[in-house]
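The values are calculated or read from the model by the stated rules, or taken from the named source; none is laboratory data. Owing to the predicted nature of the structure, the values given are computational and were not obtained by experimental measurement. Please note: Cβ atoms are built from the backbone with ideal geometry, for glycine as well, and neighbour counts cover all protein chains shown. Heads up: the accessible areas ignore ligands, DNA and RNA and are worked out on the full protein's heavy atoms, side chains in. Shrake-Rupley method; radii C 1.70, N 1.55, O 1.52, S 1.80 Å.
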Amino acid sequence: MNKKIKKFAIVITLAVGIIGFSFEHKVADAATNQGRTIKQIKKSGKIKIAVFGDLKPYGWVDKNGKRQGYDIELAKKIAKDLGVKVKYVQVNANARVDALNSGKVDLALANFTVTPERKEVISFAKPYMKVSIGVASKKTNLITKVNQLKGKNLIVNKGTTAETYFTKEYTSAKLLKFDSKTQQFAALKDGRADAITDDNS
């Protein structure tokens, strides 16, 4: 990592989010083929779980091509408890809800913050972490207050609560939106923006 931005400052707490994993809430229906039951999952011998591929410490692929992270360990535990194998389905943040609603996955374990809007279309299990939205900036141009973002280029990941907040609640920043965490952090290192916003973990 570039030494100039090796140390980030998480400086602004904007909103509390609760990360949990979620089951597609619709009752299993042969006509719609949405929302498999536990019985159906056990019978198939496999559970399909949505995960990230580039977000430490939750879910990422290491240099040997092996999946690592807290979400991965939790997925393994769930599969073991059900007596089935895991099929990982890699998603970006803005594809998580669609993956559930389409039946592409049975479960999402991808750093998924509970929001009222999301609860209208999916059901969340009990959360396992509590975080806030934070802003990170370079030490050489440190941002310590939200009003310092006025007119500045701010990186967000599409489909996240950070994107929602800065789109609806604080519109003075110029948002640069990316599909993946890898693209997001690369843009900050490359100097394409003044700061990045995401969960402060």
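Worth pointing out:
- Selection status of K104, modelled with pLDDT of 85 or more, of a type in the set (D, E, K, R), touching a strand residue (DSSP E or B) at 6+ places or on another chain (Cβ under 8 Å) and more than 21 Å from V156 (Cα to Cα): yes
- Test: residue in the stretch 6-16 that is farther than 18 Å from N157 by Cβ and at pLDDT 90 or above: no
- Here V51 clears all of (1) at pLDDT 60 or above; (2) open to solvent by less than 60 Å² (accessible area, probe 1.4 Å); (3) farther than 22 Å from A95 by Cβ except the condition numbered (3).
- Taking the listed residues L100, L107, the one that is closer than 19 Å to Q68 by Cβ and touching a residue at least 60 places away in the same chain (Cβ under 8 Å) is L107, with no other qualifying.
- When residues of the stretch 71-98 are limited to those that are assigned to a helix (DSSP H, G or I) and within 13 Å of the chain's Cα centre (by Cα), the one surrounded by the fewest Cβ atoms within 10 Å (Cβ to Cβ): N94
- Considering the conditions (1) open to solvent by 70 Å² or more (accessible area, probe 1.4 Å); (2) assigned to a strand (DSSP E or B); (3) not hydroxyl-bearing (S, T, Y), A136 is excluded by exactly one of them, (1).
- When residues in the stretch 107-130 are screened for being open to solvent by 50 Å² or more (accessible area, probe 1.4 Å) and in contact with a strand residue (DSSP E or B) (Cβ under 6 Å, 6 or more places away or on another chain), 4 of them pass.
- Considering the conditions (1) touching a residue at least 40 places away in the same chain (Cβ under 8 Å); (2) polar (S, T, N, Q); (3) open to solvent by 60 Å² or more (accessible area, probe 1.4 Å), Q148 is excluded by exactly one of them, (1).
- The set of residues from the stretch 166-195 being part of a helix (DSSP H, G or I) and either open to solvent by less than 50 Å² (accessible area, probe 1.4 Å) or among the aliphatic types (A, V, I, L, M) (or both) comprises F166, K181, Q184, A186, A187, L188.
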